Amino acid sequence: MIELFKHILHLDFDWLFAQYDTAIYLILFLVIFIETGLVLMPFLPGDSLLFTAGLFARTGHLNLSYILILLFVAAVLGDNVNYFIGKNIGLRMLGIKIRGKKVVKQDYLDKTHEFYEKHGTKTIIMARFVPIVRTFAPFVAGVAEMKYSRFLSFDILGGALWIGSLTLAGYFLGHFEWIRKHIELVALIIIFISVLPVIIEVIKAKKAAK
């Protein structure tokens with residue numbers, strides 16, 4: 001299991017194909033599901049994994065239609081699991097009292113609820129494209145008790161945009177030899193672009209604080 005995890009993190013698709021053959025579809029499904037569905041697993045390589053899967057679909061190793069459908073289902077299911085974990089477990093845990101005081105003040109929960117009522121739809125879609133944030137966003141939406149019908153509709157839209165854009169980018173750019181030979185560098189570039197909005201917002205916040 002540790003060996004498998006190591007090769008997934010390094011996007012070593014050649015090893016995965018050699019060891020698991022068509023079962024790689026299940027592995028890809030589980031990686032996307034776990035990254036989006038378990039709040040304790042935010043570090044899996046979702047963006048770069050989708051791009052690489054698209055690239056290998058270009059070379060004929062994977063079926064493009066299969067991975068688009070499977071990974072879309074995995075992303076939506078994962079977010080929904082995370083939402084209900086936040087709503088049914090996270091909210092209860094945050095309501096625990098220590099020495100008569102709640103772990104998290106009710107005022108904070110109310111503000112979170114207000115934020116998701118106002119900006120939740122935009123947050124759910126944009127969070128898909130930001131590592132770590134996309135793992136926590138549905139959990140927090142559940143804690144904030146965002147209306148489920150709103151969450152689901154925009155989660156489906158966000159999931160389709162995320163899976164479709166990155167997988168198809170890998171597929172259509174996969175015919176460039178340089179990209180195929182430097183997939184690890186490309187993966188790092190994708191990760192950097194993904195976290196760039198967070199870096200910009202942190203810089204803006206620091207400037208505003210000054």
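The values are calculated or read from the model by the stated rules, or taken from the named source; none is laboratory data. These figures come from a predicted structure and were not determined experimentally. With ideal geometry, Cβ positions are generated from the backbone for all residues, glycine too; neighbour counts draw on all protein chains shown.
Computed values, structure above
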quantity: Only listed residue being modelled with pLDDT under 90, under 23 Å from Arg134 (Cα atoms), surrounded by fewer than 14 Cβ atoms within 10 Å (Cβ to Cβ) and out of contact with any strand residue (DSSP E or B) (no Cβ under 7 Å at 6 or more places or on another chain), chosen from Phe5, Phe51; calculated: Phe5
quantity: Filtered residues of the range 54-95 (kept if at pLDDT 90 or above, buried (at least 21 other Cβ atoms within 10 Å of the Cβ) and small (Gly, Ala, Ser)); calculated: Gly54, Ala57, Ala74, Ala75, Gly78
quantity: Every residue from the range 125-135 that is at pLDDT below 85 and over 18 Å from Ala169 (Cβ atoms); calculated: Ala127, Ile132, Val133
quantity: Failed item in (1) at pLDDT below 90; (2) assigned to a helix (DSSP H, G or I); (3) under 30 Å from Leu188 (Cβ atoms); (4) over 14 Å from the mean Cα position of the chain (by Cα), with Thr112 passing the rest; calculated: (3)
